[in-house]
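The values are calculated or read from the model by the stated rules, or taken from the named source; none is laboratory data. Nothing here was measured: the structure is a model prediction, and the numbers come from that model. Virtual Cβ from ideal backbone geometry, glycine too; neighbours counted across all protein chains shown.
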Amino acid sequence: MTLSVIVPVYDEEKRVSEALARLLACDFVEEIIVVDDGSTDNSRSLIENFLPTSPKLRLVVHKYNQGKGKAIRTALEYCTKEVVAIHDADLEYDPVDIEKLFQQIKLGKADVVYGSRFLGSQPKRTLFYWHYLGNRFLTTICNMASDLNMTDIETCHKVFRRSLVSKITLRENRFGIEPELTIKFARAGAIIYEAGISYEGRTYKEGKKIGWKDGFSAIYCIVKYSISPKKFWLS
């Protein structure tokens with residue numbers, strides 16, 4: 001079973017080189033699709049430095065910033081492997097953890113595996129109580145909408161079968177992609193697992209981008225996709 005990794009990038013010049021080097025060092029990764037989502041800093045040229053010596057890496061460029069959801073949707077068009085993982089270029093997540101999530105699909109146990117920041121004994125940086133509370137709230141109402149008992153729908157580590165995601169239509173361009181994926185996976189009848197991962201969160205001064213407006217957008221998406229008819233999301 002083979003694995004593609006999607007890496008959305010937007011203005012990550014301070015971290016993208018290390019993030020890609022660490023990901024390329026993972027021998028279980030066979031394809032990396034990097035989408036530079038209209039970066040205005042030096043991110044694109046830093047990514048391009050890897051291309052001559054990294055045949056498993058492919059760069060796709062958005063002319064202007066369209067959001068994480070759009071970057072993921074674009075990357076899915078280029079993925080060729082059986083299983084797809086999402087991994088951000090901000091160093092908050094350890095790419096080594098992807099293998100643990102991937103393993104549950106390889107064993108035939110799951111169609112989708114989320115890396116939860118709230119499970120297990122892996123080390124986690126302590127930050128932003130109100131973000132934590134907001135995440136728990138969004139996860140709770142998403143669970144109510146999808147009839148799941150997830151602990152972390154907003155995690156940036158998601159691994160899933162490409163054949164599964166090809167059956168649904170993704171529409172969100174920004175961070176609403178997180179609840180959209182969860183609800184649509186659930187409504188498609190996917191077997192979903194979670195596994196604990198490490199987490200090295202960063203502050204806004206360090207470049208964190210998600211904000212309170214994205215929280216309200218996520219609530220809107222949860223309501224929208226929980227009541228939408230099947231034809232609205234099925235490919």
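Is it fair to say GLU82 is of a type in the set (Asp, Glu), within 17 Å of the chain's Cα centre (by Cα) and surrounded by fewer than 18 Cβ atoms within 10 Å (Cβ to Cβ)?
When the stated conditions are applied, GLU82 passes them.
Tell me whether region 115-126 contains one or more residues that are in contact with a helix residue (DSSP H, G or I) (Cβ under 7 Å, 6 or more places away or on another chain), under 12 Å from GLY196 (Cα atoms) and modelled with pLDDT under 95. The answer is no, given that none of the residues of region 115-126 is in contact with a helix residue (DSSP H, G or I) (Cβ under 7 Å, 6 or more places away or on another chain), under 12 Å from GLY196 (Cα atoms) and modelled with pLDDT under 95. All but one of (1) assigned to a loop (DSSP other than H, G, I, E, B); (2) of a type in the set (A, V, I, L, M, F, W, C); (3) within 14 Å of VAL112 (Cα to Cα) hold for LEU170; which doesn't? Among (1) assigned to a loop (DSSP other than H, G, I, E, B); (2) of a type in the set (A, V, I, L, M, F, W, C); (3) within 14 Å of VAL112 (Cα to Cα), the lone unmet condition for LEU170 is (3). Listed conditions (1) among the aliphatic types (A, V, I, L, M); (2) in contact with a Lys or Arg (Cβ under 9 Å, 6 or more places away or on another chain); (3) under 26 Å from LYS213 (Cβ atoms); (4) not in a loop (DSSP other than H, G, I, E, B) are all met by ALA89, apart from (4). The residues listed here are VAL112, VAL16; of these, the one that is within 24 Å of MET150 (Cβ to Cβ), under 19 Å from the mean Cα position of the chain (by Cα) and buried (at least 22 other Cβ atoms within 10 Å of the Cβ) is VAL112. The residue pairs whose first member lies in region 169-190 and is among the basic types (Lys, Arg), whose second member is surrounded by fewer than 22 Cβ atoms within 10 Å (Cβ to Cβ) and not in a helix (DSSP H, G or I), and whose beta carbons are closer than 8 Å, counting only pairs six or more residues apart or on different chains, are ARG171/TRP233; ARG174/GLY67; LYS184/ILE168; LYS184/LEU170; LYS184/TRP233; ARG187/TRP233. Each residue in region 1-23 was checked for being out of contact with any Lys or Arg (no Cβ under 7 Å at 6 or more places or on another chain) and within 18 Å of ILE86 (Cα to Cα), and 16 of them qualify. Being out of contact with any Asp or Glu (no Cβ under 9 Å at 6 or more places or on another chain) and surrounded by fewer than 21 Cβ atoms within 10 Å (Cβ to Cβ), is that true of even one residue in region 3-12? No: region 3-12 contains no residue that is out of contact with any Asp or Glu (no Cβ under 9 Å at 6 or more places or on another chain) and surrounded by fewer than 21 Cβ atoms within 10 Å (Cβ to Cβ). Summed over region 139-182, residues that are β-branched (Val, Ile, Thr) and touching a helix residue (DSSP H, G or I) at 6+ places or on another chain (Cβ under 7 Å) total 8.
Just the residues that are touching a Lys or Arg at 6+ places or on another chain (Cβ under 8 Å) and either without any contact (Cβ under 8 Å) to a residue 12 or more places away in the chain or surrounded by fewer than 18 Cβ atoms within 10 Å (Cβ to Cβ) (or both), please, taken from region 60-75.
VAL61
Within region 54-64, not a single residue is within 24 Å of THR80 (Cα to Cα), modelled with pLDDT of 95 or more, part of a helix (DSSP H, G or I) and more than 17 Å from the chain's Cα centre (by Cα).
Of the listed requirements (1) closer than 24 Å to LYS14 by Cβ; (2) modelled with pLDDT of 95 or more, VAL159 misses just one: (1).
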